[in-house]
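This report refers to the structure that appears directly beneath it.
No lab work stands behind these numbers, since they all come straight from the coordinates. What you see is a predicted model, and the numbers here were worked out from it, not measured in a lab. Glycine also receives a Cβ, built like all others from the backbone with ideal geometry; neighbour counts cover every protein chain displayed.
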Amino acid sequence: MSEKPNLIVDLTFNFSLKIIAFTEILEAKRKFNMANQLFRSGTSVRANVSEAQGAESKDDFRHKCKIAYKEAEETEYWLKLCKHAASYPFEQDMLDDVQSIIKILGKIISTTKK
C-alpha cells in the first residue's frame with residue numbers, strides 16, 4: 001500500500017533530517033544551547049504536521065497547523081541568529097527551506113478558515 005504524496009509532510013520530514021545534521025555540527029562546535037533550541041523547534045514542525053494529518057476535525061487540523069507554523073517561525077529566528085552571529089555555522093538552504101515551509105503552512109491555514 002503506497003502513501004499518497006503530501007508536499008508539507010515530505011518537506012517537513014526532510015527539513016527535520018537537515019535540522020538533526022545541523023544541530024550535530026553545532027554540538028561539535030560546542031554551541032549546545034543553540035543546538036538544543038534548533039533541534040526542539042525544527043523537529044517540532046514535522047511533529048505538529050503529523051498530528052494535523054490525524055486531526056479529528058477541520059478546526060483541530062487548522063490548530064495543529066498553526067502550532068507547526070509558530071514552531072517554523074521560531075526555527076527561522078534561530079537560523080537567522082546563526083546567520084548573523086560571527087562564530088556560528090550557517091546554511092542558507094535551511095533558512096530558505098523553513099521560509100518555504102512557513103509560506104506553505106500559512107496558505108494551508110488561510111484556506112482552511114471557515
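Residues within the reach of a label modelled at residue 47 (point 7 angstrom out along Cα to beta-carbon, backbone nitrogen below 11 Å), restricted to the stretch 1-40, are 39-40.
Mean sequence separation of contacting Cα pairs (under 8 Å, at least six apart), scaled by the length of the chain, corresponds to a relative contact order of 27 percent.
Of 9, 49, the sequence from fewest to most neighbouring Cβ atoms within 10 angstrom is 9, 49. Among the listed pairs 70/113; 80/103; 18/58; 31/64; 18/70; 4/103, a Cα-Cα separation exceeding 28 Å is found for 18/58; 31/64.
The helix-based estimate of mean residue ellipticity at 222 nm for the chain, built from -39,500 (n - 2.57) per DSSP H run of four or more residues and divided by its residue count, is -28000 deg cm²/dmol to the nearest 500.
Within the stretch 26-70, name every residue whose backbone N is under 13 Å away from a label modeled 7 Å from Cα of residue 87 along the Cβ vector. Inside the label zone: 29-34. A Förster distance of 25 Å, applied to the separation of the beta-carbon atoms of residue 9 and residue 33, puts the FRET efficiency at 0.25. Counting neighbouring Cβ atoms within 10 Å and putting the fewest first, the residues 40, 62, 46 line up as 40, 62, 46.
Remark: the Cα gyration tensor places the stretch 1-74 in the oblate category, a/c being 1.5 or greater and a/b not exceeding b/c.
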